[in-house]
1. Please verify whether the range 125-133 includes one or more residues that are within 18 Å of the chain's Cα centre (by Cα), closer than 30 Å to Lys167 by Cα and open to solvent by less than 30 Å² (accessible area, probe 1.4 Å).
2. Take Leu78 and decide whether it is modelled with pLDDT of 90 or more, under 19 Å from the mean Cα position of the chain (by Cα) and either part of a helix (DSSP H, G or I) or over 25 Å from Lys170 (Cα atoms) (or both).
3. Which residues, counting only those in the range 144-176, are among the polar types (S, T, N, Q) and either surrounded by 15 or more Cβ atoms within 10 Å (Cβ to Cβ) or touching a helix residue (DSSP H, G or I) at 6+ places or on another chain (Cβ under 8 Å) (or both)?
4. Provide a single number: the residues in the range 141-175 that are more than 28 Å from Phe15 (Cα to Cα) and either among the hydrophobic types (A, V, I, L, M, F, W, C) or in contact (Cβ under 8 Å) with a residue 60 or more places away in the chain (or both).
5. Could you list, ordered by first residue, the pairs with Cβ atoms under 6 Å in which the first is in the range 106-128 and of a type in the set (Gly, Ala, Ser) and modelled with pLDDT of 90 or more and the second is assigned to a strand (DSSP E or B) and open to solvent by less than 50 Å² (accessible area, probe 1.4 Å), at least 6 apart or interchain?
6. Kindly indicate whether any position in the range 152-172 is more than 22 Å from the chain's Cα centre (by Cα), more than 20 Å from Glu56 (Cα to Cα) and not acidic (Asp, Glu).
7. Go through the residues of the range 102-112 one by one and say whether even a single one is open to solvent by 70 Å² or more (accessible area, probe 1.4 Å) and closer than 30 Å to Leu22 by Cα.
8. Just checking, does the range 92-110 include any residue being assigned to a strand (DSSP E or B), among the hydroxyl-bearing types (Ser, Thr, Tyr) and either over 20 Å from Glu123 (Cα atoms) or in contact with a strand residue (DSSP E or B) (Cβ under 6 Å, 6 or more places away or on another chain) (or both)?
Amino acid sequence: MEVQVEVKNPYAVDFEKYNKILFQEISLEWPANAKDYQPGEQIKEFFLEDLPKTIEKKIETWNQPPDSTEEIPPNSVLITGKLTLEIKERSKIKEVKDETGKPKNVFTAVQHWDLAMSVTMKETDTGKEIFKQEFTEKLSNVDSSETTTKFNFETIFFKITNRLTLKLRKTKEVQRRYIMH
């Protein structure tokens, strides 16, 4: 006989049992060829405004230095992480039209973006990691003359944050099970 059973997401963290959720700024490894844009504000916005909607709990900023005398609130979760962007450039032949409308081949610079974001969540009382995951995304053959650094970062960052929220969401799914008599 077939039965349907509701199963909770095994990766979801139960944020309800904690008093506070704290966010410590993510360390950033940003390449020299992308200095025209700094994503710090966008990263903060995701963790302090967007992620709380997913986990249904407020997230507060916690940027105390390690030697600070201020104690971390008990029964809390501290979210930390690291974001690394690597941009490799190369040239490729692209067909463009000249002034007369005739096609001609020219070399154009293209970029390959590799973004990695590691997110760690620890209980402040025990130091136990309750969530640790690394997400990676790529953007290939980005024509830097047609897009901006901000646009490319937003595109790739959205993909990573979307995957993170899907991991943390408390969704339940229905699975089919069979009972033998």
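The values are calculated or read from the model by the stated rules, or taken from the named source; none is laboratory data. Small disclaimer: the values here were computed from a predicted structure and weren't measured. Positions of Cβ are generated from backbone atoms using ideal geometry, with glycine treated the same way; all protein chains shown enter the neighbour counts. Ligands, DNA and RNA are stripped out before the accessible areas are found, and what is left, the full protein with its side chains, is counted by its heavy atoms. Shrake-Rupley method; radii C 1.70, N 1.55, O 1.52, S 1.80 Å.
1. Yes, the range 125-133 contains at least one residue that is within 18 Å of the chain's Cα centre (by Cα), closer than 30 Å to Lys167 by Cα and open to solvent by less than 30 Å² (accessible area, probe 1.4 Å).
2. no
3. Ser144, Thr149, Asn152, Thr155, Thr161, Thr165, listed by residue number.
4. Going through the range 141-175 one residue at a time, the tally reaches 6.
5. Ala116/Thr84; Ser118/Gly81
6. no
7. Checked the range 102-112: no residue is open to solvent by 70 Å² or more (accessible area, probe 1.4 Å) and closer than 30 Å to Leu22 by Cα.
8. Scanning the range 92-110 turns up at least one residue that is assigned to a strand (DSSP E or B), among the hydroxyl-bearing types (Ser, Thr, Tyr) and either over 20 Å from Glu123 (Cα atoms) or in contact with a strand residue (DSSP E or B) (Cβ under 6 Å, 6 or more places away or on another chain) (or both).
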